[in-house]
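S.K.: Sharing a structure, written as C-alpha cells. Questions coming.
The values are calculated or read from the model by the stated rules, or taken from the named source; none is laboratory data. Given the structure is predicted, the values throughout are model-derived calculations rather than measurements. Heads up, the Cβs are rebuilt from the backbone with ideal geometry, glycines too, and the neighbour counts pull from every protein chain shown.
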Amino acid sequence: MPTLVTAFFAGAIADRYDRGGLMRVINLIALVATAFAVADFVVRPSAPVPIPGPHGFYLPEWLLLTYPIWATIVVSSTLFRPAYNSSVPKFVEPKLLGRANGLIYSAAALTSAAATLIVGSLLTLAPTEYAFTVPFLLFFATQATLLMLDVDLSVTRTGRRRAVWSEAKEGFLYLGRRRELLELTIGALLVNFLAAVALVELGLYIGLWLGLAQGFWYGALVAASTLGVAVGFLVIPRVRFEPHAGRWVIALIGLMGLALLSLGLVRSIWLALPIMFVYGMMPGMVQTVLLSTIQATVPDAMMGRVFSADEVGSYALVPVGQSTGGLLTLAIGVQGTFLAAGGAICAAGLLMAATFGALRRLGYHPAEETLGEPPEGETAAPV
C-alpha cells in the first residue's frame, strides 16, 4: 500500500527536481530507516499494546514499530525508482538502452540474489537483527556511489512548475493517449495480481507442499528467482526485441504462467529451484523491454511521471492479489493456489495475444530514434 500511494506522485517529483540530488536524499532516508530497524530489533521493547480485535488481543511494541519503519523504506524505494530510471538516457544513446538496462539490472539482481542467500542463512543461524546489516550495507554503498557521481541529472523542462498533483495527472493522461503502453499496463495489472495470489504463499509452499522447515530454503528459492531475473536482463537485449517489443511481452507472460503452473506439480525442492529460476527470467525480460521502450519514446520532462503512472497501473491490484492468495489457499490449498494462478496467467497471455492489437504492434527502431523535447503540455508522437 505505501508503494501504491507514493507512486501516484513519485514521478512528478522526479520530473520536478534535479534527479541526482533527489536520489541522494531519498537513499539517505532509507539508510536511516534501516538503522532504526536494527535498533528496534536489538532493543526489542516488549510492552504489550492493545489493538482492535478480539478481547485481549495485543501486539508487542517492537512489532508495531516495524510498520512505520518498513513503510519508510518502501516509500523511499518507490520515490527512487522513477528518478533513477529516468536518468539512464542521460548516459546512454537510444540504440544501447536495451543492453544498458540489461547490464544495470542484472548486476542489481545478482547482488540481490547473493544478499537474499546471506539473509536466509543469517535468519537460520543468528538473531534477526543481524540480517538487517545486509540492506544497511547496500544502502550505504549506494549513498557513497551517489555522492561520487559528478553528472548533471537536472530535468529538461520548458514550462513553469505547477502543483504536484496536476503534474502527476499529466503522466496518467499521457499513458492513456499511448494505447500500446496502456494495454501493456493493463496486462501487467492482471499478471501481477495473479502472480501475487501464488507467491504471497511461497513460505507455505515450502513448508506445507515441499515439507521443508529451514529458512535457508526460502532464501534459496527467492535467490533462484532473482538469479533468473538477472539472466533475463542479460539475455533479452541479445534478441533485438525493439521492433517487436509487444509480441515479446505477450510470449513471456505465457511462459511465466507455465512456470507457476509447474511449481504446483512438483514436490521436490531440486525441481522447484530450476523452475523458480526460469520463472524469474520472464519478469526480468519484460522489465527490460518496458524500461527501454519508455526511455526511447517518452520525452525527458515526462518520463518520470510515465514510469510512475505505469507502476500505479501495474501494481494497483497486488495488495488485493495478496489477500486473495490467503483466502484461496484456505479454500483449495497451496497446490490449488499455484495451479489456479499459473493457469490464469497462461489464459491472460492468450487473451492479450488475441485482443491487444496495439500492444502486438508495439516496437521501435533505436538506430532511427530522434525523439525531441515537445513544449510543456504537449506529447511526442509514439514510435
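S.K.: In the set Val229, Val197, which member is hydrophobic (A, V, I, L, M, F, W, C), at pLDDT 90 or above and not in a loop (DSSP other than H, G, I, E, B)? Explain how you work it out, then say what you get.
M.R.: Details: Val229 fails: at pLDDT 90 or above.
That would be Val197, the only listed residue that is hydrophobic (A, V, I, L, M, F, W, C), at pLDDT 90 or above and not in a loop (DSSP other than H, G, I, E, B).
S.K.: Something else now. Wholly within region 89-158, which helices (runs of 4 or more DSSP H) include no fewer than the required count, namely at least 2 residues that are in contact (Cβ under 8 Å) with a residue 12 or more places away in the chain and within 25 Å of Gly284 (Cα to Cα)?
M.R.: Numbers: elements: 97-125, 128-131, 133-148.
Ranges flagged: 97-125, 133-148.
S.K.: Pick from region 337-383 the residues that are modelled with pLDDT of 65 or more and not in a helix (DSSP H, G or I): which of them is farthest from Pro243 (Cα to Cα)? So that I can check it myself, show each step before the final result.
M.R.: So in region 337-383, the residues modelled with pLDDT of 65 or more come out as 337-366.
From what's left, not in a helix (DSSP H, G or I): 356, 361-365.
Values: Phe356: 17, Arg361: 9, Leu362: 8, Gly363: 4, Tyr364: 5, His365: 6 Å.
Per the criteria, the residue is Phe356.
S.K.: Right, another one. Could you check region 302-357 and list, in sequence order, the residues that are under 24 Å from the mean Cα position of the chain (by Cα), surrounded by fewer than 19 Cβ atoms within 10 Å (Cβ to Cβ) and more than 18 Å from Phe193 (Cα to Cα)?
M.R.: The answer is Ala353, and nothing else.
S.K.: Would you check which residues across region 41-63 are among the hydrophobic types (A, V, I, L, M, F, W, C) and under 25 Å from Ala126 (Cα atoms) and list them? Steps first, please.
M.R.: If we filter region 41-63 for residues that are among the hydrophobic types (A, V, I, L, M, F, W, C), which is where we start, we get 41-43, 47, 49, 51, 57, 59, 62-63.
Those that are among the hydrophobic types (A, V, I, L, M, F, W, C) and under 25 Å from Ala126 (Cα atoms): Phe41, Val42, Val43, Ala47, Leu59, Trp62, Leu63.
Results for (1) modelled with pLDDT of 90 or more; (2) among the polar types (S, T, N, Q); (3) out of contact with any Gly (no Cβ under 6 Å at 6 or more places or on another chain); (4) surrounded by 18 or more Cβ atoms within 10 Å (Cβ to Cβ), shown as yes or no for each residue.
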{"site": "Ile13", "(1), (2), (3), (4)": "yes, no, yes, yes"}
{"site": "Met23", "(1), (2), (3), (4)": "yes, no, yes, yes"}
{"site": "Ile26", "(1), (2), (3), (4)": "yes, no, yes, yes"}
{"site": "Arg44", "(1), (2), (3), (4)": "no, no, yes, no"}
{"site": "Pro50", "(1), (2), (3), (4)": "no, no, yes, no"}
{"site": "Gly56", "(1), (2), (3), (4)": "no, no, yes, no"}
{"site": "Phe80", "(1), (2), (3), (4)": "yes, no, yes, yes"}
{"site": "Ala83", "(1), (2), (3), (4)": "yes, no, yes, yes"}
{"site": "Tyr105", "(1), (2), (3), (4)": "no, no, yes, yes"}
